[in-house]
1. Measuring from label point to label point, each 7 Å out along Cα→Cβ, what is the residue 352 to residue 237 span in nm?
2. Once you keep just the Cα pairs under 8 angstrom separated by 6 or more residues, what percentage relative contact order results for the range 296-418?
3. Given the -39500 (n - 2.57) contribution per DSSP H run of 4+ residues, what per-residue ellipticity at 222 nm results for the chain, rounded to the nearest 500 deg cm²/dmol?
4. Would you calculate the volume per residue, in Å³, of the smallest convex hull containing every Cα atom of the range 200-346?
5. Could you tell me what % of all Cα pairs in the range 343-424 have separations over 16 Å?
6. Any chance you could get the radius of gyration and Dmax over the Cα atoms of the range 283-347, in Å?
7. If you stretched the chain out fully between residue 86 and residue 62, how much longer would it get, using 0.36 nm times the residue separation minus the C-alpha to C-alpha distance?
8. Give me the tail of P(r) for the range 162-281 as a percent: Cα-Cα pairs with distance above 20 Å.
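Since every read-out is calculated from the coordinates, none of them should be taken as a lab result. Note that the structure is predicted; figures quoted are calculated from it, not measured. Quick reminder, even Gly has a Cβ in these numbers, built from the backbone with ideal geometry, and neighbours come from all protein chains shown.
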Amino acid sequence: MPKVLSIVLGGGKGTRLFPLTKDRAKPAVPFGGKYRIVDIPISNCINAGFNQIYIVTQFNSASLHLHIARTYNFDSFSSGFVEILAAEQTPLHSGWYEGTADAVRKNLVHCQPQSPTHYLIVSGDQLYSMDLADMFRKHLESGCGLTIAGTTVDRESASALGIMAIDKSGRILDFVEKPKPERDISSFKLPSEIRQERRSGGKDYLASMGIYIFDAALMERALDNDCNDFGKEIIPNLLASEPVNAYVFDGYWEDIGTIRSFYEANLDLTSIDPKFNFYDESRPIHTHKRNLPASKLNYCTLNQTLTSDGCIITNASITRSIVGIRTVIESGASIEGVVCMGADYYESAEQRAANRMAGKPDIGIGQGSIIKGAIIDKNARIGPNCRIGIDPVRRAEGEYGSYYIVDGIIVIPKNAVIAAGTVI
C-alpha cells in the first residue's frame, strides 16, 4: 500500500516580501484576512489524504511554529501529524540549510522512520488549489520515479522560473533554470497537441511549480551527494539518467513572491469571481480556530470587501479591501484597495488609556482617516484624520521611518504607529 510523506519547505529569507517578512517567515505572512500563506499547501496535502506532514523551517520561524502548533492537531485515532523540523546542529551537520535539496537531505533522518514509499515535496509560500491525489495517481501510472508539477507560462514569465521541455506523453526531455530573456528557448515550447488541448493562449512554456513526487528510494539515492538545490542540480542530474514525468496543472497558481504580487493576489479575493476560491467545500483551506465573535458593522458602506472574524467597524466606507481579524475601524474612516491584516489582540480600556497618555493612538484605523492602495500589517496604530495614499503620485521606494514604499505600494509594518493627521 503506498504511503506518502509530505515535506513542506518553509522558505528562505523572503527578502522580496520585506517588510512583511521582517519578523516572520514568508509562509507565516497573513493572507486573505484570517489565514497564513502556509495554510494553503498544508490544506492541499490534507485534502488529498496525505496527512503525515513535516514543515522544514529555518528563518524567522517563531510565528510559523506557533501557528502550526495551534492549528494542526489530529485526533489520537489518526496517524496524521503536522510537525516542525527546524534547522538544527548535529554531529553530522553543523551549518544552515544551503538550498531546498540540502534542507530535505538533512531531515531524512527524521523522515525515514515513517517508512514512506513516496515523498511529496511542496513549497510553503505559494497560492494554488491542486488535487494532489490526482497528481499522485498520474505519478503511479507513469511508471517514473519522479513527477514534477508544471503550470503554463508565457515567455516573459519563463525567465523567472524553471522551464521544462516535454513530449506529448508528458515525459520531460530537458530542463533549464530561469532562462534569460535573450536566450532562445523555442525548443521548450509545449507540444502542439498539448497546447491545443489546453488552449494555452500564448502560455506556451511549462514552468516547474516546485512540487515534486518522488519514489522514496529514488529521492534518497538522488540526495546521496553534495548537491544543494532541486531545480538547479538534482532534477538536471536525474534527467540525464532517469525517466521523469510532468504533471500539467491548469488551475490558478501564484508564487506571491513580491509585495506587488502579494497585494494583487489579496485584492483579487474581493472580486466577484476570484482566481483563488476559498469557498470550495470539497477543498477547504484550514487555519487556526480562534473562537472570535462575529464582526460588528455599525452603519457602514462595504463594497467588494472581505471582513474577517472579530472586527468592529463603525460608520466607515470600505471598498475592494481585505479587513483582517480583530480590525477596529472608527467613525468616518474610508479605505479603498487596502489589505489590512488586523490585530493579534484586543486592547483593554486600561491599555487604551495608558497608550493615549503616552501619545499613541488605539490599534486600528482612527476616526476620519482615509487610506488607499496600502498594506497594513498587524497591530498597526493609525491615528485620526490621517491621509495615506490618496494622492496619485509616484512615490520613491524606500524606508520612511514608520512606513515603507515597496513596488509602489505603501506598507505600514507590524506594530507601527502613525500619528494623528499624518499625510503619506
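1. Spacing of the two 7 Å Cα→Cβ label points: 6.0 nm.
2. On the way: 333 pairs, mean separation 22.3, N = 123.
Over the range 296-418, the number comes to 18 percent.
3. Working: 11 runs with 82 residues, N = 424.
So the calculated ellipticity at 222 nm is -5000 deg cm²/dmol.
4. On the way: hull volume 28.4 nm³, N = 147.
In the range 200-346, the Cα convex hull volume per residue is 193 Å³.
5. So the portion of pairs separated by more than 16 Å is 50 percent.
6. 11.8, 39
7. Values: separation 24, 0.36 × 24 = 8.64 nm, distance 1.01 nm.
Length gained, residue 86 through residue 62: 7.6 nm.
8. On the way: 3967 of 7140 pairs.
That tail contains 56 percent of the Cα-Cα pairs.
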